[in-house]
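K.L.:
Quick one: this structure, given as structure tokens, is what I'll be asking you about.
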Amino acid sequence: MTTWLAQRLVQSVFVVLVMTAIVFVGVNVIGDPVSILISPDANQQERARIVAEFGLDQPLWSQYLSFLKGTLQGNFGNSFVYGMPALQVILSRMPATMELAIAAILLSVLIGVPLGLYAGLRPHSFFAKFMMAGSILGFSVPLFWLALILIMFFSVYLGWLPASGRGQTVDFLGIGWSFFTWDGLSHLCLPVLTLSIFKISLIMRMVRAGVREVLPQEYIKFARAKGLSRQRLLYVHVLKNIMIPVVTIIGLEFGSLIAFSVVTESIFSWPGMGKLIIDSINVLDRPMIVAYLMIIVFIFVTINLIVDILYTTLDPRVRLSRD
Amino acid sequence: MSAHASSASRSEQDEKLPITETPVRRMVREFMASPLAVSGLVVLSVLSLLAIFGPFIVPQNPYDLMQLDIMDSQLEPGAQSVAGMTYWLGTDDQGRDMLSGIIYGLRTSLGVGVISALVAALIGTSIGIYAAYAGGRTENLIMRVIDLQLSFPTILVALMILAFMGRGVMNVILALIIVEWSTYARTARGVALVERRKEYIEAAESLVIPRWRVLFKHLLPNCLPPLIVIATVQVGRSITLEATLSFLGLGVPITEPSLGLLISNGYQYMLSGKYWISLYPGIMLLVIIVAINLVGDQLRDVVNPRRQA
Amino acid sequence: MNGFASDPKTMHSSSRALLDVRGLKVKFKTNRGEGTAINDVSFTLRRGEVLGLVGESGSGKSVTGMSLMGLIENPGRICGGQILFDGIDLAKLSDLEMERLRGKRIAMIFQDPMMTLNPVLRISTQMIETVRAHDDVTLVEARRRARDALGQVGIPRPEERLDAYPHEFSGGMRQRVAIAIALLHKPDLIIADEPTTALDVTIQAQILSEVQKLTSEYGTALIWITHDLSIVCGLADNVAVMYGGQIVEYGPVAEVIRSPRHRYTDGLLNSVPSRNRRGDRLRQISGFAPSIFSMPQGCAFRPRCSFADDACHQTPPLATHGNHAHRCWHPISSREGLGS
Ligand SMILES: Nc1ncnc2c1ncn2[C@@H]1O[C@H](COP(=O)(O)OP(=O)(O)O)[C@@H](O)[C@H]1O
Ligand code: SF4
Ligand SMILES: [Mg+2]
């Protein structure tokens, strides 16, 4: 297990390295490095100074090494717009995005798992069939479109929920959170609902399929023959088997939630890193783009690593094969 | 009645059709068994025809600025134009007939989706089959690249490509191809590996038939069904992705608006109650994607019967 | 000692019978129609007695076992008969009452040991939950009982093995674990549904003698389901031969084997290797077992029986001679039986 973990860690570091190379190539070969590092309105003198400072006159490999060094130090240059280190700007927006993603995952699991269990246990009931048909819609509806419809209905037509901003936040651990105030929660509602619909459909279908697969198994019959209660059967024997794919999916979908925050945050003016990156792309604030890319790479590699470890711990068969 | 007779009559009930049925016929029959999937296919065909023949049908060329009248801007559905024409779905902020705009938007959306899916399929399949046949390090390397790419959400990858290249129909198509080829490659490799082990490929190879003929005559027909399933689903995903990118202002240019861009244009008016500018293109978008997914879902079950519920 | 409910003597002795099944009927309703999986099945079992339930695949043995456990589920349904267990009709118990009985007083072991243990739960979890489902004991006590039970079925180093997962055991060992679980509450009755069919012959014999030893030690009654008549010979007191959802022959093992009455039993015996003396060729019964959705009219064995005639289009009644009963219009007479 330790060997496996070590291998897996090395692999993750390698992936990050490869990604730095890809980003470097994207920025320096496909894009124009001067315009990426230097604000378009800089004068000739400043230009020359920065070219020298960033070693743009050096050969590519040595440029890559200094890029790598910068990446390791978290130095991606200053944002043109904010005039602050790009990394710092992005990190300050990260909690808002995380809050959205965590809330959406929680909601998806809390709704998706029970619905899936129900649909799996009573596949022929009207409600289960209705939910299954509904989940096709949930899969199909584009996120931004769903956001618009929700705003149109809940904000414009009913006037119940705010359509933009984060509302009142409370500082906790030095970071502001919307979780803790009513105003904050009401602002969370629509963006979280938007992000959750797809995940609810996905989790519901997975859990349903899992239940349908586990129920006819011989070990469920044997467990019933032991005189276990229905609760124990469902919540231990069935659920423990289903949890393995579900936890895997939750981990991977957490990553996609962070990715899709780009859309929801733009629509709901949620001050997270997703909205930040769209704004940065629109004004070509390139240091921000590079910093964002590297952060995303880091987040995804970490998520994949955690999912792999969780998967390994949860499934005894996999765990032992990796000993 | 003997035991033989009774068991024979049973198996006839199980499979009503004789064994001579070809796989394609079986798939068609099973596909037709789902009314939802069939209606999805009908809707899809109608919309495709609408997109292809759109320019001959539309009441107005929405991109000919000469035909637009700013006096007609933001009219409600069913309103009359200054010139006496009826705007069944209203007009946008430029005084453009929404119905015409939507049909043109449909052209762009479907076009981008289908072209990118087809090109990605071509490239991805070739790479996948190549990997399966090359084996060893080449195969390993290709698979690693595919895994790496699939571990990042497509929207982010596409976003970044467009951030560096700028907006434009061709750039969007290129970005979609880059994010999509890997799915095809992985599937094609999987199928190719299975097919490779089968005897007829060996037999064909031992007859010293040129490799490319083995590929095209034997391998491709077997790879095709699963690839068609993926391509169907991917067209839906491409359209969604393109719409999302365009909505964010990073996709197609304003001169060739897709459904996503139309929705984006109407968004600012929505909060003031002018819902139709966003809503109708949105409904059209949803209808296409649902239709594609219904067809794709059923195709998947038909091609791969094990997955049936 | 007669098992058939229609016999008045049974009514008289029911106070002594642990299990008295009378006219049990189970139907399955599927898209192919409604089929009767077991039809008018009756037998009795006293404490400590062993009954062999024999028949080809699909003859309704498992369904019979599952009915006794109250585990017939949709699309199946018990739609007739009684299952008197210690005087209580199990068919009438509520789900909760049945749940309390299952695993406590009646236990069941299944065919494939690779499939009967939950792959993601430790053996200890699966044993302790069984103890605590019925007895209000501490975790420590439950664990102790689990360990002892493992030791009893011959699993070495039980304390250590308790925390292993099922896939760390071989098939034979897993079946021992399943048997240990079934024995945890020293039930009155164990239903063993082909528990050795999936195992090697040597392990089969070990398990068989283990179960025999333990059940006779505890005075547990046993229903041993198998398609292999030779297994039943040394194990059971009585044997019930099933065909097409009915018991077609029933009686003391020695008698049924020595002088079978039903043509199907005779066919079964002829396909058992050890019984074929003088280098006879093994004779398999030709044809297929009927589906419950297309049962032949009259005697279910008719399409495969070389003695069938017009009479066999009527369902044969139960004919009893002493404690040996059969359902055949043209039974093998004692003389004929001796001759073959
Ligand atoms: N869940 C079910 N649905 C439909 N038919 C069933 C079901 N379970 C059992 N049967 C039918 O009942 C008959 C007897 O099955 P079973 O008792 O399992 O036979 P065996 O003697 O091999 O254990 C079979 O022919 C089968 O078709
Ligand atoms: S009743 Fe008739 S068909 Fe059935 S076993 Fe006896 S002789 Fe054969
Ligand atoms: Mg069975």
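The values are calculated or read from the model by the stated rules, or taken from the named source; none is laboratory data. Values in this document were obtained by computation on a predicted structure and should not be read as measured data. Neighbour counts are summed over all protein chains in view; Cβ atoms, including those assigned to glycine, are modelled from backbone coordinates with ideal geometry.
K.L.:
When you check A:Ile277 against the structure, is it of a type in the set (Val, Ile, Thr) and either surrounded by fewer than 24 Cβ atoms within 10 Å (Cβ to Cβ) or not in a helix (DSSP H, G or I) (or both), yes or no?
P.N.:
Values: of a type in the set (Val, Ile, Thr): yes; either surrounded by fewer than 24 Cβ atoms within 10 Å (Cβ to Cβ) or not in a helix (DSSP H, G or I) (or both): no.
No.
K.L.:
Additional query: What pairs come up if the first residue lies in the stretch C:177-200 and is farther than 18 Å from C:Leu68 by Cα, the second is within 16 Å of ligand 2 (Cβ to nearest atom) and in a strand (DSSP E or B), and their beta carbons are under 9 Å apart, counting only those six or more places apart or on different chains?
P.N.:
Note: no pairs meet the criteria.
K.L.:
To continue, here is another question. Return the residues of the stretch C:20-58 that are away from every other protein chain (no Cβ under 14 Å) and within 16 Å of ligand 2 (Cβ to nearest atom); say none if nothing qualifies.
P.N.:
Hits for the stretch C:20-58 are C:Asn39, C:Asp40, C:Val54, C:Gly55.
K.L.:
Looking only at residues in the stretch C:305-340 that are modelled with pLDDT under 90 and within 14 Å of another protein chain (Cβ to nearest Cβ), which one is nearest to ligand 3 (Cβ to nearest atom)?
P.N.:
For the stretch C:305-340, the residue satisfying everything is C:Cys305.
K.L.:
Let me ask you something else. Could you name every one of the helices (runs of 4 or more DSSP H) located completely within the stretch C:61-165 that has at least 1 residues being more than 9 Å from chain A (Cβ to nearest Cβ), without any contact (Cβ under 8 Å) to a residue 24 or more places away in the chain and not aromatic (Phe, Trp, Tyr)? Quick ask: steps written out before the conclusion?
P.N.:
Details: elements: C:61-69, C:95-101, C:113-116, C:123-134, C:139-152, C:158-161.
Once the helices (runs of 4 or more DSSP H) in the stretch C:61-165 are filtered for at least 1 residues that are more than 9 Å from chain A (Cβ to nearest Cβ), without any contact (Cβ under 8 Å) to a residue 24 or more places away in the chain and not aromatic (Phe, Trp, Tyr), what remains is C:95-101, C:123-134, C:139-152, C:158-161.
K.L.:
Suppose we keep only residues that are in a loop (DSSP other than H, G, I, E, B) and not polar (S, T, N, Q) within the stretch A:251-274. Which one would you say is nearest to the other protein chains (Cβ to nearest Cβ)? If you could, list the steps in order and put the result at the bottom.
P.N.:
We begin by selecting, within the stretch A:251-274, every residue in a loop (DSSP other than H, G, I, E, B); these are A:268-272.
If we keep only those that are not polar (S, T, N, Q) too, we end up with A:268, A:270-272.
Values: A:Phe268: 12, A:Trp270: 14, A:Pro271: 17, A:Gly272: 14 Å.
Out of the qualifying residues, it is A:Phe268.
K.L.:
Determine if the stretch A:179-197 includes at least one residue that is over 19 Å from A:Ala96 (Cα atoms), away from chain C (no Cβ under 12 Å) and at pLDDT 90 or above. Full working, then the answer.
P.N.:
Within the stretch A:179-197, the first condition is being over 19 Å from A:Ala96 (Cα atoms), and the residues that meet it are A:197.
Subsequent filtering for residues that are away from chain C (no Cβ under 12 Å) retains A:197.
Applying the additional criterion that residues be at pLDDT 90 or above yields A:197.
Taking every residue of the stretch A:179-197 in turn, at least one turns out to be over 19 Å from A:Ala96 (Cα atoms), away from chain C (no Cβ under 12 Å) and at pLDDT 90 or above.
K.L.:
Looking at the stretch A:185-226 only, could you name the residues that are surrounded by fewer than 20 Cβ atoms within 10 Å (Cβ to Cβ) and in a loop (DSSP other than H, G, I, E, B)?
P.N.:
A:Leu215, A:Pro216, A:Gln217
K.L.:
Checking A:Ile306 against (1) surrounded by fewer than 17 Cβ atoms within 10 Å (Cβ to Cβ); (2) over 14 Å from the mean Cα position of the chain (by Cα), only one condition comes out false. Which one?
P.N.:
The single condition A:Ile306 does not satisfy is (2).
K.L.:
I need a count of the residues in the stretch A:290-323 that are without any contact (Cβ under 8 Å) to a residue 40 or more places away in the chain, more than 25 Å from A:Ala147 (Cα to Cα) and not charged (D, E, K, R). Don't jump to the end; show me each part of the working.
P.N.:
Within the stretch A:290-323, the first condition is being without any contact (Cβ under 8 Å) to a residue 40 or more places away in the chain, and the residues that meet it are A:296, A:313, A:316-318, A:320-321.
Next cut, more than 25 Å from A:Ala147 (Cα to Cα) only: A:313, A:316-318, A:320-321.
Checking the rest, the ones that are also not charged (D, E, K, R) come to A:313, A:316, A:318, A:320-321.
Adding up the residues that qualify gives 5.
K.L.:
Moving on. Quick one: which of C:Gly65, C:Gly58, C:Gly103 is on the phi > 0 side of the Ramachandran plot and buried (at least 21 other Cβ atoms within 10 Å of the Cβ)?
P.N.:
Details: C:Gly65 fails: on the phi > 0 side of the Ramachandran plot; C:Gly58 fails: buried (at least 21 other Cβ atoms within 10 Å of the Cβ).
When all the criteria are applied, what remains is C:Gly103.
K.L.:
Determine whether C:Leu199 is within 20 Å of C:Asp20 (Cα to Cα), more than 14 Å from chain A (Cβ to nearest Cβ), hydrophobic (A, V, I, L, M, F, W, C) and away from ligand 3 (no atom under 13 Å from the Cβ).
P.N.:
On the way: within 20 Å of C:Asp20 (Cα to Cα): no; more than 14 Å from chain A (Cβ to nearest Cβ): yes; hydrophobic (A, V, I, L, M, F, W, C): yes; away from ligand 3 (no atom under 13 Å from the Cβ): yes.
No; evaluated as a whole, the condition is false for this residue.
K.L.:
Which condition from (1) under 21 Å from C:Lys186 (Cα atoms); (2) at pLDDT 90 or above; (3) surrounded by 19 or more Cβ atoms within 10 Å (Cβ to Cβ) is the one that C:Ile72 breaks?
P.N.:
(1)
K.L.:
Sticking with this one: Kindly evaluate B:Leu241 against the criterion of being within 14 Å of another protein chain (Cβ to nearest Cβ), modelled with pLDDT of 75 or more, in contact with a helix residue (DSSP H, G or I) (Cβ under 7 Å, 6 or more places away or on another chain) and more than 28 Å from B:Gly136 (Cα to Cα). So that I can check it myself, show each step before the final result.
P.N.:
On the way: within 14 Å of another protein chain (Cβ to nearest Cβ): yes; modelled with pLDDT of 75 or more: yes; in contact with a helix residue (DSSP H, G or I) (Cβ under 7 Å, 6 or more places away or on another chain): yes; more than 28 Å from B:Gly136 (Cα to Cα): yes.
Taking the combined requirement at face value, the residue satisfies it.
K.L.:
For the subset of the stretch C:223-266 comprising residues that are buried (at least 21 other Cβ atoms within 10 Å of the Cβ) and small (Gly, Ala, Ser), which member is farthest from C:Leu189 (Cα to Cα)?
P.N.:
C:Gly244
K.L.:
OK, next. Output the residue which, of all residues in the stretch B:265-290 that are among the hydroxyl-bearing types (Ser, Thr, Tyr) and assigned to a helix (DSSP H, G or I), is surrounded by the fewest Cβ atoms within 10 Å (Cβ to Cβ). Don't jump to the end; show me each part of the working.
P.N.:
Taking the stretch B:265-290 as the starting set, the residues that turn out to be among the hydroxyl-bearing types (Ser, Thr, Tyr) are B:267, B:269, B:272, B:275, B:278, B:280.
Checking which are assigned to a helix (DSSP H, G or I) leaves us with B:267, B:269, B:278, B:280.
Numbers: B:Tyr267: 18, B:Tyr269: 16, B:Ser278: 23, B:Tyr280: 23.
Among those that are among the hydroxyl-bearing types (Ser, Thr, Tyr) and assigned to a helix (DSSP H, G or I), it is B:Tyr269.
K.L.:
Scan the stretch C:166-185 for residues that are assigned to a loop (DSSP other than H, G, I, E, B) and away from every other protein chain (no Cβ under 14 Å) and jot them down. Walk me through how you get there before you give the answer.
P.N.:
Taking the stretch C:166-185 first, the residues assigned to a loop (DSSP other than H, G, I, E, B) are C:169-170, C:184-185.
C:Ser170 - this is the single residue of the stretch C:166-185 that is assigned to a loop (DSSP other than H, G, I, E, B) and away from every other protein chain (no Cβ under 14 Å).
K.L.:
Which number in (1) away from ligand 2 (no atom under 16 Å from the Cβ); (2) of a type in the set (D, E, K, R); (3) on the phi < 0 side of the Ramachandran plot; (4) assigned to a loop (DSSP other than H, G, I, E, B) marks the one condition that C:Glu210 misses?
P.N.:
All conditions pass for C:Glu210, except number (4).
K.L.:
Only one of C:Glu49, C:Glu34 is touching a Lys or Arg at 6+ places or on another chain (Cβ under 7 Å) and over 22 Å from C:Gly287 (Cα atoms); which?
P.N.:
Working: C:Glu49 fails: touching a Lys or Arg at 6+ places or on another chain (Cβ under 7 Å).
Just one listed residue meets the conditions, C:Glu34.
K.L.:
Quick one: is A:Thr248 free of Cβ contacts under 8 Å to residues at least 40 places away in the same chain and more than 9 Å from every other protein chain (Cβ to nearest Cβ)? Quick ask: steps written out before the conclusion?
P.N.:
Working: free of Cβ contacts under 8 Å to residues at least 40 places away in the same chain: no; more than 9 Å from every other protein chain (Cβ to nearest Cβ): yes.
For A:Thr248, the condition - free of Cβ contacts under 8 Å to residues at least 40 places away in the same chain and more than 9 Å from every other protein chain (Cβ to nearest Cβ) - is not met.
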